[in-house]
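Taking it in order: structure first as structure tokens, then the write-up.
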Amino acid sequence: MQNINDYNFNNKKALIRVDFNVPLNESLQITDDTRIRAAVPTIKKVLETGGSVVLMSHLGRPKSGPQDKFSLKHIVSRVAELTDAKVNFVDDCISDNAVAASKNLNNGEILLLENLRFYKHETAGDQNFSRQLAKHGDVYINDAFGTAHRAHASTAIIAEFFPSEKMFGYLIEKEIESVAKVLTEGKNPITAIVGGAKVSSKIIIIEKLMEKVDNIIIGGGMAYTFAKAMGGKTGNSLVEDDFIDTAKEVLAQAKAKNVSIIIPSDTVAADNFSNEANKQTCSTNDIPDGWMGLDIGEKAIKECTDCIKNSKTILWNGPMGVFEIESFQEGTKQIALSVVEATENGAFSLVGGGDSVAAVNKFNLATKVSHVSTGGGAMLEYLEGKELPGIKAIIG
């Protein structure tokens with residue numbers, strides 16, 4: 001394994017796996033270029049030290065071969081703009097024309113290959129496909145944390161063809177360092193904010209975090225499963241009855257480990273799932289029949305924000321409510337603002353998971369926390385202690 005800071009890229013072609021899976025609107029224009037921006041430092045490092053770059057990525061979920069709406073040709077101009085470099089494009093990944101394009105690449109130039117997932121061999125982790133991709137570079141860099149938990153051809157298998165010429169890009173390095181700052185180097189008090197709809201999707205991470213943190217704030221729909229486990233009346237709120245006993249076990253474990261579990265004390269409930277719904281604030285453990293909890297109330301906001309502001313290390317994964325609907329965004333917004341305030345006062349804050357990232361972006365706060373992870377599923381699995389194929393392939 002090499003280190004990107006120490007490696008001599010002069011006259012070398014760096015084959016970089018990036019995550020350019022960016023959202024496009026109906027006009028096929030990029031609506032959020034965060035993932036492209038995140039890869040720019042790694043790309044520029046190679047170009048500015050005398051090398052050239054071959055980029056490979058996926059976009060969307062094409063079902064059966066090439067589809068125009070998933071073509072990476074739609075992002076070429078943005079990549080060129082952000083990198084301030086010439087960007088060539090080839091409409092496939094492994095043809096003779098594609099290999100020739102990379103061979104003829106000049107130092108300081110970029111070649112963007114077509115969508116990897118136009119080939120079923122990519123997600124199948126096909127070794128021969130990986131071998132063909134490897135022809136594009138002298139050195140391999142993985143900078144796609146969002147796909148590091150997949151054993152795909154371009155993220156895990158390809159590293160076999162670069163036994164000594166492989167490394168992480170700056171983005172993955174920062175992702176690994178950020179998780180370490182929470183799990184192994186975190187300064188106390190450490191607070192984890194775990195939200196989202198279901199306990200079932202977060203139970204492993206909650207149990208893992210109890211070994212490391214001082215406080216766990218439970219938000220979103222999953223809070224009502226905990227409320228019911230504590231004997232509360234949850235009305236028509238989302239509850240996973242199959243996980244009531246699991247929630248009880250978590251509460252018992254937390255008590256034994258002296259970890260504070262904060263369940264929102266009050267709830268903004270609605271009589272239907274819409275922005276125009278009638279609303280009322282009620283105790284989380286006493287929600288009337290026919291009403292569903294869709295956000296946390298003012299008392300809960302104060303309890304949670306007081307905890308966050310007194311923390312030195314903060315992990316946020318999952319929103320407090322249905323923040324996509326304006327009437328139920330206040331809880332998530334206030335949590336975001338308190339994470340920013342704590343960060344400004346010296347805390348380390350890591351925000352990860354699609355909905356949490358969407359929230360800090362919606363409220364224009366992404367640049368005001370310590371790190372926003374680019375990998376939802378990958379970050380969750382990494383926090384859970386799972387071995388990520390894309391990471392293992394580089395470390396060896």
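The values are calculated or read from the model by the stated rules, or taken from the named source; none is laboratory data. Everything numeric in this text was worked out from a predicted model, so none of it was measured. Backbone-built Cβ (ideal geometry, glycine too); neighbour counts: all protein chains shown.
Things to note:
- Being buried (at least 17 other Cβ atoms within 10 Å of the Cβ), modelled with pLDDT of 95 or more, under 15 Å from Arg17 (Cβ atoms) and of a type outside the set (Ser, Thr, Tyr) is a property that holds for Ile157.
- The set of residues in the range 122-146 that are under 27 Å from Pro41 (Cα atoms), small (Gly, Ala, Ser) and in a helix (DSSP H, G or I) comprises Ser130, Ala134, Gly146.
- On the stretch given as the range 142-157, residues that are within 16 Å of the chain's Cα centre (by Cα) and of a type in the set (Val, Ile, Thr) total 1.
- Residue in the range 346-355 that is under 17 Å from Asn188 (Cα atoms), among the charged types (D, E, K, R) and touching a residue at least 12 places away in the same chain (Cβ under 8 Å) present: no
- Cβ separations smaller than 7 Å between residues 6+ apart or across chains give no pair from the range 159-184 residues that are under 17 Å from Arg37 (Cα atoms) and acidic (Asp, Glu) to residues that are surrounded by fewer than 19 Cβ atoms within 10 Å (Cβ to Cβ) and at pLDDT 95 or above.
The rows are residues; the columns are (1) assigned to a loop (DSSP other than H, G, I, E, B); (2) in contact with a strand residue (DSSP E or B) (Cβ under 6 Å, 6 or more places away or on another chain); (3) in contact (Cβ under 8 Å) with a residue 12 or more places away in the chain.
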position	(1), (2), (3)
Lys228	no, yes, yes
Leu238	yes, no, yes
Val250	no, no, yes
Phe273	yes, no, yes
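- Residue, surrounded by the most Cβ atoms within 10 Å (Cβ to Cβ), within the range 334-376, restricted to residues that are small (Gly, Ala, Ser) and more than 19 Å from Lys181 (Cα to Cα): Ala336
- Given (1) surrounded by fewer than 17 Cβ atoms within 10 Å (Cβ to Cβ); (2) farther than 23 Å from Thr42 by Cα, index of the condition Ser77 fails: (2)
- Single condition Gly196 does not satisfy, out of (1) at negative phi; (2) touching a residue at least 12 places away in the same chain (Cβ under 8 Å): (1)
- Cβ pairs under 6 Å, 6+ apart, first in the range 359-370 and free of Cβ contacts under 8 Å to residues at least 60 places away in the same chain, second in a loop (DSSP other than H, G, I, E, B) and buried (at least 17 other Cβ atoms within 10 Å of the Cβ): Ala359/Pro319; Ala359/Phe323
- Segments classed as strands (runs of 3 or more DSSP E), wholly inside the range 277-319, with at least 3 members that are modelled with pLDDT of 95 or more and under 16 Å from Val351 (Cβ atoms): 313-317
- Pairs are defined by a Cβ separation below 6 Å, a sequence spacing of at least 6 or placement on different chains, a first member in the range 91-109 that is touching a residue at least 12 places away in the same chain (Cβ under 8 Å) and surrounded by 11 or more Cβ atoms within 10 Å (Cβ to Cβ), and a second member that is of a type in the set (Asp, Glu) and part of a loop (DSSP other than H, G, I, E, B); the pairs so defined are Asp91/Glu114; Asp92/Glu114; Cys93/Glu114; Ala98/Asp92.
- Among (1) in contact with a Lys or Arg (Cβ under 9 Å, 6 or more places away or on another chain); (2) free of Cβ contacts under 8 Å to residues at least 60 places away in the same chain; (3) not in a loop (DSSP other than H, G, I, E, B), the one test that Glu114 misses: (3)
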